[in-house]
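Worksheet: one structure, shown below.
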Amino acid sequence: MSRRRLLGLAALAATLALPTLTLPSLASAQAPAARLPERLRSSGTITVGLNPIYPPMEYRNPGNNQLVGADVDLAAELFKRLGLRVAVQEFAFAQLIPSLTTERIDVIWSGMSDLPARRESMDFVNYMRSGAQFVTLARRAGEFPDPMALCGKRVGTARTTSFPKGIEDWSTANCLPAGRPAIIVVGNDSTADARVHLRQERIDAAVQGSETVGYTFSLDPGLYATVGAPFTQVLQGIGVRKNDTALRDAIAVTLQAMIDDGSYGTIMDKYNLPNNKLERAAINGEPLPR
């Protein structure tokens, strides 16, 4: 058998192995609430898992300890439209996916990036775009006029996120070909911890999601500065178990209705997230059909 024939068969096998994603129809006569699984329609409650240390997406208001944030408001509005009460369960970020797969929660809604490896255990309803952003101290901004100046420097970020690999990939693609040393990635418990290390000058820069920059900078005016533009692009999503397609589709259709009627945009603007909006809800990166 020829090498070309073998390659063709391999490509066909790979294609056949890919799962087929059927997107929900917006034109269906079935109301979104009617798409819900029976267990949720019977109980009237949905359990949402989150990690409330990621402002402005989800965090505790320092003044009254109330849970607030863009994800909190979006979830409240979306599930109200589906006739469901929201019960929140708080976890460390690393425990969110295990809590979903073991059915302790129904969905994850916690500023989670939609990554291929995560799709192995769940589906994502995409509701916003994000990107990794280098940040340094404003008084050191002159040292780092662009991200290339960070080659060989110590950059901290939350170790449980996608940011460490994003930094390494960027460094490999940019620093090494230019003959510069690789960025030294320093793992921290959270992006907030990374900023503490930054203020203490234990690191030269930090990385956080682009959606958090406006809020962070507003807390300490003049303290921080961005270095370049976001160096990755990723969709964030609501995590739903693979076998919970009815719930996934109900969320996606309702989210699109919120985008269409402007309520989604109002919430995103409330938290200063105009550049993170999506025009179409998506499932695993595939926009819903019009």
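Quick note: the coordinates plus some simple rules give every number you see, no bench work behind them. The structure presented is a predicted model; accordingly, all values stated were derived computationally and were not measured. Counting neighbours? That spans all protein chains shown, and the Cβs are built from the backbone with ideal geometry, glycine included.
Per-residue 3J(HN,Hα) values for the stretch 103-116, derived from phi via the Karplus relation 6.51 cos²θ - 1.76 cosθ + 1.60 with θ = phi - 60°, read 6, 6, 9, 8, 8, 9, 9, 8, x, 8, 6, 7, 10, x Hz in sequence order (x marks Gly and Pro). The alpha carbon centroids of the stretch 107-175 and the stretch 260-290 are separated by 21 Å. For the pair residue 233 and residue 31, the difference between a 0.36 nm per residue extended length and the Cα-Cα distance amounts to 69.4 nm. Among 251, 108, sorting on how many other beta-carbon atoms sit within 10 Å of each Cβ, with the fewest leading, yields 108, 251. Give me the percent of DSSP beta bridges within the stretch 33-140 that run antiparallel, rounded to the nearest 5. Roughly 35 percent of the beta bridges in the stretch 33-140 run antiparallel, per DSSP. Here the Karplus relation 6.51 cos²θ - 1.76 cosθ + 1.60, evaluated at θ = phi - 60°, turns the backbone of the stretch 239-245 into coupling constants of x, 10, 4, 4, 8, 9, 5 Hz, with x for every Gly and Pro. Couplings 3J(HN,Hα) for the stretch 204-220, derived from phi with the Karplus relation 6.51 cos²θ - 1.76 cosθ + 1.60 (θ = phi - 60°), are 8, 7, 10, 10, 9, x, 4, 5, 9, 5, x, 5, 4, 5, 5, 6, 9 Hz, where x marks Gly and Pro. Within the listed set 116, 56, 274, the Gaussian network model of the chain (springs between alpha-carbon atoms below 10 Å) gives the highest mean-square fluctuation for 116. Taking the Kirkwood radius as Rh and the Cα radius of gyration as Rg, the stretch 206-290 has a ratio of Rg/Rh equal to 1.04.
Of 176, 23, 235, the residue with the greatest mean-square motion in the GNM of the chain, using alpha carbon springs below 10 Å, is 176. Of the residues 93, 134, 231, the one that moves most in a GNM of the chain with alpha-carbon contacts below 10 Å is 231. Amide H to amide H, with H built 1.01 Å from N, residue 111 comes under 5 Å of no residue 5 or more places away or on another chain.
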